[in-house]
1. Quick test of your reading of the structure: B:Ala120 fulfils all but one of (1) within 8 Å of another protein chain (Cβ to nearest Cβ); (2) on the phi > 0 side of the Ramachandran plot; (3) free of Cβ contacts under 8 Å to residues at least 24 places away in the same chain. Name the failing condition by number.
2. Please work out which residue is surrounded by the fewest Cβ atoms within 10 Å (Cβ to Cβ), limiting yourself to the range A:310-348 and to residues that are at pLDDT 90 or above and in a loop (DSSP other than H, G, I, E, B).
3. Within the range A:491-502, is even one residue in contact (Cβ under 8 Å) with a residue 60 or more places away in the chain, over 30 Å from A:Val392 (Cβ atoms) and within 16 Å of ligand 1 (Cβ to nearest atom)?
4. Yes or no: the range B:58-78 includes at least one residue that is in contact with a strand residue (DSSP E or B) (Cβ under 7 Å, 6 or more places away or on another chain), within 14 Å of chain A (Cβ to nearest Cβ) and either closer than 23 Å to B:Ile208 by Cβ or away from ligand 2 (no atom under 16 Å from the Cβ) (or both).
5. Can you tell me which condition A:Leu151 does not meet? The list is (1) farther than 26 Å from A:Met273 by Cβ; (2) loosely packed, with under 12 Cβ neighbours inside 10 Å, and all the others hold.
6. Say whether the condition of being surrounded by fewer than 21 Cβ atoms within 10 Å (Cβ to Cβ), in contact (Cβ under 8 Å) with a residue 40 or more places away in the chain and touching a helix residue (DSSP H, G or I) at 6+ places or on another chain (Cβ under 6 Å) is met by at least one residue in the range B:204-211.
7. Being of a type in the set (Phe, Trp, Tyr), closer than 29 Å to B:Thr250 by Cβ and touching a Leu at 6+ places or on another chain (Cβ under 8 Å) is the filter here, so list the residues in the range B:127-185 that pass it.
8. Restricting to strands (runs of 3 or more DSSP E) lying wholly in the range A:143-245: which have 2 or more residues that are modelled with pLDDT of 85 or more and touching a Gly at 6+ places or on another chain (Cβ under 8 Å)?
Amino acid sequence: MYHALLTRRYLTSKVMPLLASLAVVLCTAMVLITWSVMGGFLMNLTQAGRSLIGDVRIAWPSVGFPHYDDLIERLEADPEVAGAAPLIETFGMITLLENKTEGVLIRGVEGESFARVTTYADTLWWKPLAEPMKKDTEREDVRLEPTDHDLLERLYKDGLSLSEIDRETGQRESALVLGIEVGGWNMRTDWGGYYPRVQFINGSDGSSEVQNLFMPAGGELTVLVVPLDSRGRPMEARTAKLPVANEFESGLYDIDRKTVLMDLKALQRMLRMHEVKRAVRSGDEVSSPLDGFFEDAEPAPEREVVVAPARVTAVLVRQADSDDSSAMDLDAFREHCRAIYAEFAAAHPDVPDAGSIGVETWEDANRMMIEAVKKETGLVLIIFTFISITAVFLVFAIFWAMISEKTKDIGVLRALGASRMGVAWLWLRYGLAIGVVGSVGGGLLAWAIVTNINEIHEGIAASGAWLGQTLTGVPWNWYIWDPKVYVFKEIPHSIEPWKAATVLIFGLLSCLFGALVPAARAARMHPVKALRFE
Amino acid sequence: MSTPPETTRLPDPVATGTGQHGSESRATTQDRASGDAALLRVTGLRKTYRLGRVDVPVLHGVDIEFGRGEWIAILGASGSGKSTLLHLIGGLDRPDKPGNGKPRATIRFNARDVASFSHAELDRYRCRDVGFVFQFYHLLPELTVTDNVLLGAMIRHGRFGYMAKRADLRKAAADLLGAFGLKSRLRHKPSQLSGGERQRVAIARALINDPTLLLADEPTGNLDRKTGAAILDVLAEIRRERGQTMLMVTHDPEIAARADRIVELVDGRVVEASG
Ligand SMILES: Nc1ncnc2c1ncn2[C@@H]1O[C@H](COP(=O)(O)OP(=O)(O)O)[C@@H](O)[C@H]1O
Ligand SMILES: [Mg+2]
């Protein structure tokens, strides 16, 4: 009983323990805020990396493999698989406005299946918007314009199908969907969105015309790719002029800056991976260095026509959603896909065998980023260790000093019959009390800051702008996480309960640990010496 | 010293349960002076301090015996080992180990040897059988007067026992303090009291568990003559009302004179001074 009473009295009547509690509050809050915000950013980053991959990718790069329709059919027949989509990945070049040509990754996809397997639909930028983005407080987003609703709706549909209706012929034709940073004709706004650039064109008569650089509204770009023959050797480059249907934003700058999506069929034709009928001399090997150039070859009566099936370089697979915990983990799902591929390979002699085909999860594909997340976890652990040690030392130092100051009290307690364990427990309990007050306070502080971090951030930025304006006439940019900078569109603002629990327990243990040695010292104190202590 | 007629009655603290070492039982040895059963009998008590490599012998074989209800004063010069003796009797310290031809010291309390108690037994002994009063009061500054007095009861009964008896114990503490003229000071902190008041709180604290033996180490040593006399009056009253056995240490013969019997500590041994 005296433990509780003394803990309470010592805690409330001394400045030092309050300072110790405050220090623990700050340590706990600091770790929790750092971990939550940093972890949130990295989580956003990895999720962005996942957005255009799906769960598992079965890939045979460059040359690709045929009969993918059959593979997709087999995959989609499996209850573990939600969907599968064909894909071609190749490098190519794109000629932008002002004849600027850049190297890009070109991905050929079927809009419908691609949207089923990935979050492609969500990444399409030009679509009607009902609510402004979080930081778009002035509702400046052009996508909010009710008058443009129909146009945006059309662009969204065009984006999904990677095609658009040709104005002259009225025919639906293949189109490109560019990463939003590829074209360079969009301005990233302060609130993390995009605004089409405008150009002023001065006519010879002195008039000035405003031209919108909004590509999806019209205009064509030239795409260049290099087809490979069936042995992987490059053939003559092919170019095509294609309109832009829409633009996408995955959230990863590298992807949005360097990726161009194209209708699968169109890319297959350009790369000569589409289904072709070839004439071969009977008995000849199917493949020859002149593959794909049979049209130029001289027709001969003894030749027969065979069908070379269309090829893709990859099939993306999405795992079936399942809410029960028996669901496969990602690695198990990958092996499951590999097994399905093995059955498929057994049925087709002309596809790579299951041992050599590349089957990887989105985590495998984003290994670099995942590694960064893992490193981040390590970093947090190191920060934890340091801050815990700081807290331990703090509590230790304060307790050591307090026990010296309270030596007489310890002597009195012993004289009144308190045992050594009783005295030790008094101080441990006291450490625990500081730990509880400190870590719960720290948890609450962290929660208050993290849940309001966007507002706090805005407040800091606004005061910076105001201060700069008043002092120097130029507003200062005090954004710590500038939404103009890619990843920081929105600061993650939730604390995961398990993180909070971990940090709280760490804080508590640190305090207990710091109190351990002083408590032992108090327990070992000789009662007479304690009473005689001056 | 004659007992004055009826004055304020001291309240009895709450019944202390069955744990006390035979507070009703009689010790076997007979007191030489009174013929009463001896409550405490110390034989061959030695205490040597070590200062670095030097042995500093303080007590050279103290033999002392006193009976239930006696008020004994131990008189001795400063540094003669009075406090040391009190601490040994009170179970705060242990006598020298036997050896070098020196016999084993015994501190017989109610026929049990305090000198051979285990740690736990010593804790229990200090808690239930002994009450300490110190020269410098040693009140805990953060606690109120009442809480200081209740400290011993909290230690004795443990958390749940204390909670169960809380109301009774608080009343007992308030009654004790009331009897010492501190009724209006229950919620005060020690720093708000005078020296004499603090010592009265300390005496109340020593009495809360109704100990068999009250040990007072120069209880008036830090007080002026008049206040000191008032404290001695309080002790005399306790003695009269409760028949409390008291061992009081002092260097002042005039103060020692208030006790029933005076023994002197000279050269680490006890010399009987008066009867
Ligand atoms: N821990 C100790 N170490 C060494 N010497 C001590 C210690 N405690 C007390 N003494 C010595 O023992 C002697 C007796 O001390 P004490 O019992 O306090 O005497 P008194 O109470 O009669 O003044 C003194 O000379 C003192 O210096
Ligand atoms: Mg002394």
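The values are calculated or read from the model by the stated rules, or taken from the named source; none is laboratory data. Nothing here was measured: the structure is a model prediction, and the numbers come from that model. With ideal geometry, Cβ positions are generated from the backbone for all residues, glycine too; neighbour counts draw on all protein chains shown.
1. (2)
2. Ranking the qualifying residues of the range A:310-348, first place goes to A:His348.
3. Of the range A:491-502, the ones in contact (Cβ under 8 Å) with a residue 60 or more places away in the chain are A:491-496, A:499-500.
From what's left, over 30 Å from A:Val392 (Cβ atoms): A:491, A:493.
Next, from what is left, pick out any that are within 16 Å of ligand 1 (Cβ to nearest atom): none.
Taking every residue of the range A:491-502 in turn, none turns out to be in contact (Cβ under 8 Å) with a residue 60 or more places away in the chain, over 30 Å from A:Val392 (Cβ atoms) and within 16 Å of ligand 1 (Cβ to nearest atom).
4. As a first pass, look at the range B:58-78 and keep what is in contact with a strand residue (DSSP E or B) (Cβ under 7 Å, 6 or more places away or on another chain): B:58-76.
Checking which are within 14 Å of chain A (Cβ to nearest Cβ) leaves us with B:58-59.
Filter once more, so that each one left must be either closer than 23 Å to B:Ile208 by Cβ or away from ligand 2 (no atom under 16 Å from the Cβ) (or both): none.
No - not one qualifying residue is present in the range B:58-78.
5. (2)
6. First pass over the range B:204-211, keeping only residues surrounded by fewer than 21 Cβ atoms within 10 Å (Cβ to Cβ): B:210.
Restricting the remaining residues to those that are in contact (Cβ under 8 Å) with a residue 40 or more places away in the chain gives B:210.
Retained after the next criterion (residues that are touching a helix residue (DSSP H, G or I) at 6+ places or on another chain (Cβ under 6 Å)): none.
No - not one qualifying residue is present in the range B:204-211.
7. Of the range B:127-185, the ones of a type in the set (Phe, Trp, Tyr) are B:132, B:134, B:136-137, B:160, B:162, B:180.
Within this subset, residues satisfying the condition of being closer than 29 Å to B:Thr250 by Cβ are B:132, B:134, B:136-137, B:180.
Within the range B:127-185, B:Phe132, B:Phe134 meet the criteria.
8. Details: elements: A:163-165, A:172-174, A:176-179, A:186-188, A:194-196, A:198-202, A:208-212, A:220-225.
The strands (runs of 3 or more DSSP E) meeting that bar are A:220-225.
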